[in-house]
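**Student:** Have a look at this one before I ask anything.
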Amino acid sequence: MTRYSYRSLQDDQFRLVELIPGQGDLRIRLHERNLNQAGSFAFLSYIWGANLGYDHVQCDGSDIPIGETLSHFLFELRRRHEGCLLFIDAICINQENNDEKEVQISMLSQINRKATSTFCWVDARDPDRVSRLVGDLCRISRLTPLRNDPSSSSCRNYDPCLCGSKVTSEQLRLFQSKIKDIDLEFWEALNTFLGDMYFERTWVSIDWFFSKQLVFICRSITISGDELCLALGACFRFSFSNRLTSIGFFNLLVVDSVKKRCLLHQVRPTLHEILSAWHSCRFNATDERDKLFALLNIVYEGHSQNDVKIDYSKTKEEIYLQAAAALGVKSLYFAKGPRTLNEASWVPDWNTTRDHFLLSQSGTQFAASPATLPDVVTNPSSHILHCRGIVADRIKKTSSCLPPRRPCDHYIASGANSIVFDEWFEFVKDHARRSRGPYDETKLLFRFAETIQARGANTIWETEWDEFDTSNRMRGFLEFLDEEDAVETLEIRLFYAACFPSHGQRFGITERGYYCLLPQEAKTDDLVCIVYGNNVPILLRRHVGYYQNLGECYVNGLMHYDPLVVGDCQEVMFNIK
């Protein structure tokens, strides 16, 4: 049979698929619609799969090749006898016409917004158990004491660790009592479902963000996207177990958090905000440039892309450099570790995943920089960032590094990694003895607790304890770590959860005696700098003629600008490369 010949589309036009009932080969009709008169249709979100020619559909007596995943979905939809119109990119866009592809891809977010629903096709192995567990978790999460009020946080925070009301020990106790009788097979089914490759794809996350109504179709079972996100949110906030370890668990939560905050505040996230949120996810793309290009659909939807443009004629290095230049001094937050990309320490590699809490994201309460506009000049040809600020302190000594923590492990305080906290406190006490002799242990415990929890990060576990209560809880946590058979109480679990910003960081002490959380690569004599326009300090390493960026840091005593503390520091023009 001959290959289908597409008719040309006019401006603002797109195609929709009508699936014809019957048996045997898949047969369809294509309908052309305008964006302003689209009518009722559903948007299909799925992964193409490797084999595009696995199967075909017949349209007007000709063939259109499709992949295995899409073939399975269409046969399932036909079996259900559901006759809605569908937007399916592999069919509705002429894949052999690059000009049409460029135009249609730029319209995808608008097409998705016009759709009444977004169908997410996931070929789960045990969808019935998944559906039943999601339903049970939703009923539990709707209990009045467990309801999360996203409007309780007035600021624009997009990280699930920052969104909504604070978690209490009473909520933890209630949630555990309600889920204790759920069989392990149900948790395994949900974890396997979230581990499907579908949940890892970068472009799929954009489908979720722009949808009016997410509907997950898993063979014969349909699961509401709102209910799935509600269930996962409750597990993230209240569950002790780490049974949900799949990548899809946190990926879906992050996108849902961003989407809900944008709707709540009627705002569009900035490039910095959207990159902050997505950089903690584990989304993959065949073309590494798409890790950035996909997000531009959210930032610039319906607006001109003045800062970063979708341009496949540019290399990955050129695109990443362009994005860093658009971020200006905010690009310094993301850079981490030895550099290979352009050898420019201020240019983040967006293909990597952040493995620690981002102090600089929207929603935290830090204001390290004075109210001075950033003075930034970028030189793409030499890969140099010129920016103004002050050198506020210097690293005197560093301790060990606390390994990163998975999003599902925030209440498991008995893990081997927690012993690092004990090492850090011995490091602090040794420094206090050497520096001042006798010391006030209550004040020492308080400062240490503030630092390892990055007080001001405003996580859902952060509390407003006073110095006395904080010191006592810090002491109790250290005693728990020292006692092999100690009981892991709810208070211990909550205290440990609030230490999330410490994970993936190294503990240090500055020349001024400030305790700090530093990038893993930090070492003695690195400089704690306040770059104008940034809300948290940046760690820089001085070289002959330039500075190397190591990333953001938490310094207890420098997180809020105080001219009495840093007013005597000399202003510097940093040349960072």
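**Student:** Would you tally the residues in region 527-577 being open to solvent by 10 Å² or more (accessible area, probe 1.4 Å) and assigned to a strand (DSSP E or B)?
**Tutor:** So the answer is 11.
**Student:** When region 459-485 is examined, which residues are found to be open to solvent by 30 Å² or more (accessible area, probe 1.4 Å), under 32 Å from the mean Cα position of the chain (by Cα) and either over 21 Å from L517 (Cβ atoms) or of a type outside the set (S, T, Y) (or both)?
**Tutor:** Hits for region 459-485 are E464, W465, D466, R473.
**Student:** Can you tell me which condition W465 does not meet? The list is (1) in contact with a Ser or Thr (Cβ under 8 Å, 6 or more places away or on another chain); (2) without any contact (Cβ under 8 Å) to a residue 24 or more places away in the chain, and all the others hold.
**Tutor:** (1)
**Student:** Also, quick follow-up: Quick test of your reading of the structure: N417 fulfils all but one of (1) farther than 15 Å from S400 by Cα; (2) open to solvent by 50 Å² or more (accessible area, probe 1.4 Å). Name the failing condition by number.
**Tutor:** Result: N417 fails condition (1) only.
**Student:** Take A497 and tell me if it is within 26 Å of G389 (Cα to Cα), surrounded by 16 or more Cβ atoms within 10 Å (Cβ to Cβ) and out of contact with any Asp or Glu (no Cβ under 9 Å at 6 or more places or on another chain).
**Tutor:** no
**Student:** Just for region 436-458: of the residues that are over 29 Å from K166 (Cα atoms) and outside any helix (DSSP H, G or I), which one is most open to solvent (accessible area, probe 1.4 Å)?
**Tutor:** Restricting to residues being over 29 Å from K166 (Cα atoms) and outside any helix (DSSP H, G or I), the top hit is P438.
**Student:** Okay, moving on. Sort out which residues of region 83-102 are touching a residue at least 24 places away in the same chain (Cβ under 8 Å) and either open to solvent by less than 20 Å² (accessible area, probe 1.4 Å) or out of contact with any helix residue (DSSP H, G or I) (no Cβ under 8 Å at 6 or more places or on another chain) (or both), and write them in order of number.
**Tutor:** Of everything in region 83-102, those that are touching a residue at least 24 places away in the same chain (Cβ under 8 Å) and either open to solvent by less than 20 Å² (accessible area, probe 1.4 Å) or out of contact with any helix residue (DSSP H, G or I) (no Cβ under 8 Å at 6 or more places or on another chain) (or both) turn out to be G83, C84, L85, L86, F87, I88, A90, I91, C92, I93, N97, E100.
**Student:** Filter region 497-514 down to the residues that are part of a helix (DSSP H, G or I) and not aliphatic (A, V, I, L, M) and list them by number.
**Tutor:** Hits for region 497-514 are F500, P501, S502.
**Student:** Taking Y6 as the residue in question, decide whether it is open to solvent by 80 Å² or more (accessible area, probe 1.4 Å), hydroxyl-bearing (S, T, Y) and more than 19 Å from T118 (Cα to Cα).
**Tutor:** So Y6 does not fit the description; no.
**Student:** What pairs come out if I take residues in region 361-382 that are on the phi > 0 side of the Ramachandran plot and pair them with residues that are open to solvent by less than 20 Å² (accessible area, probe 1.4 Å) and at pLDDT below 70 whose C-beta lies under 9 Å away, six or more apart or interchain?
**Tutor:** Final answer for the pair search is G363/S153; G363/N157.
**Student:** Need pairs with beta-carbon distance below 9 Å; first residue at pLDDT below 85 and within region 400-419, second part of a loop (DSSP other than H, G, I, E, B) and among the charged types (D, E, K, R); sequence gap 6+ or separate chains.
**Tutor:** Cβ pairs passing all conditions: C408/R243; S414/E488; G415/R405; N417/R405.
**Student:** A follow-up question, please. From the list G61, G22, G67, G39, exactly one residue is touching a residue at least 24 places away in the same chain (Cβ under 8 Å), under 23 Å from K101 (Cα atoms) and either touching a Phe, Trp or Tyr at 6+ places or on another chain (Cβ under 6 Å) or surrounded by fewer than 16 Cβ atoms within 10 Å (Cβ to Cβ) (or both). Which is it?
**Tutor:** G39
**Student:** What's the number of the only condition in (1) touching a helix residue (DSSP H, G or I) at 6+ places or on another chain (Cβ under 8 Å); (2) without any contact (Cβ under 8 Å) to a residue 40 or more places away in the chain that P438 fails to meet?
**Tutor:** Condition (1) is where P438 drops out.
**Student:** Is region 266-279 home to any residue that is among the basic types (K, R), open to solvent by 10 Å² or more (accessible area, probe 1.4 Å) and outside any helix (DSSP H, G or I)?
**Tutor:** yes
**Student:** State whether one or more residues within region 182-205 are assigned to a strand (DSSP E or B) and open to solvent by less than 20 Å² (accessible area, probe 1.4 Å).
**Tutor:** no
**Student:** Still on this structure, please answer the following. Among I298, I247, which is the only one that is open to solvent by less than 50 Å² (accessible area, probe 1.4 Å), in contact (Cβ under 8 Å) with a residue 40 or more places away in the chain and of a type in the set (V, I, T)?
**Tutor:** Within the list I298, I247, the selection yields I298.
**Student:** Give the residues of region 506-538 that are under 26 Å from N417 (Cα atoms) and of a type in the set (S, T, Y), sorted by residue number.
**Tutor:** Within region 506-538, T510, Y514, Y515, T524 meet the criteria.
**Student:** Any idea which of K291, K260 is modelled with pLDDT under 90, within 19 Å of the chain's Cα centre (by Cα), under 27 Å from Q176 (Cβ atoms) and part of a helix (DSSP H, G or I)?
**Tutor:** K260
**Student:** Determine whether L527 is touching a residue at least 12 places away in the same chain (Cβ under 8 Å) and more than 23 Å from the chain's Cα centre (by Cα).
**Tutor:** Against the criterion (touching a residue at least 12 places away in the same chain (Cβ under 8 Å) and more than 23 Å from the chain's Cα centre (by Cα)), L527 qualifies.
**Student:** Given the condition in contact with a strand residue (DSSP E or B) (Cβ under 6 Å, 6 or more places away or on another chain), at pLDDT 90 or above and of a type in the set (A, V, I, L, M), answer yes or no: does some residue in region 332-353 qualify?
**Tutor:** yes
**Student:** So which residues in region 108-124 are hydrophobic (A, V, I, L, M, F, W, C), open to solvent by less than 10 Å² (accessible area, probe 1.4 Å) and assigned to a helix (DSSP H, G or I)?
**Tutor:** Matches in region 108-124: I111 only.
The values are calculated or read from the model by the stated rules, or taken from the named source; none is laboratory data. If you're wondering where the values come from, they're calculated on a predicted model, not measured in any experiment. Here Cβ is always computed from backbone atoms with ideal geometry, including for glycine, and neighbour counts include all displayed protein chains. Side chains are part of the model used for accessible areas, which takes the heavy atoms of the whole protein and leaves out ligands, DNA and RNA. Shrake-Rupley method; radii C 1.70, N 1.55, O 1.52, S 1.80 Å.
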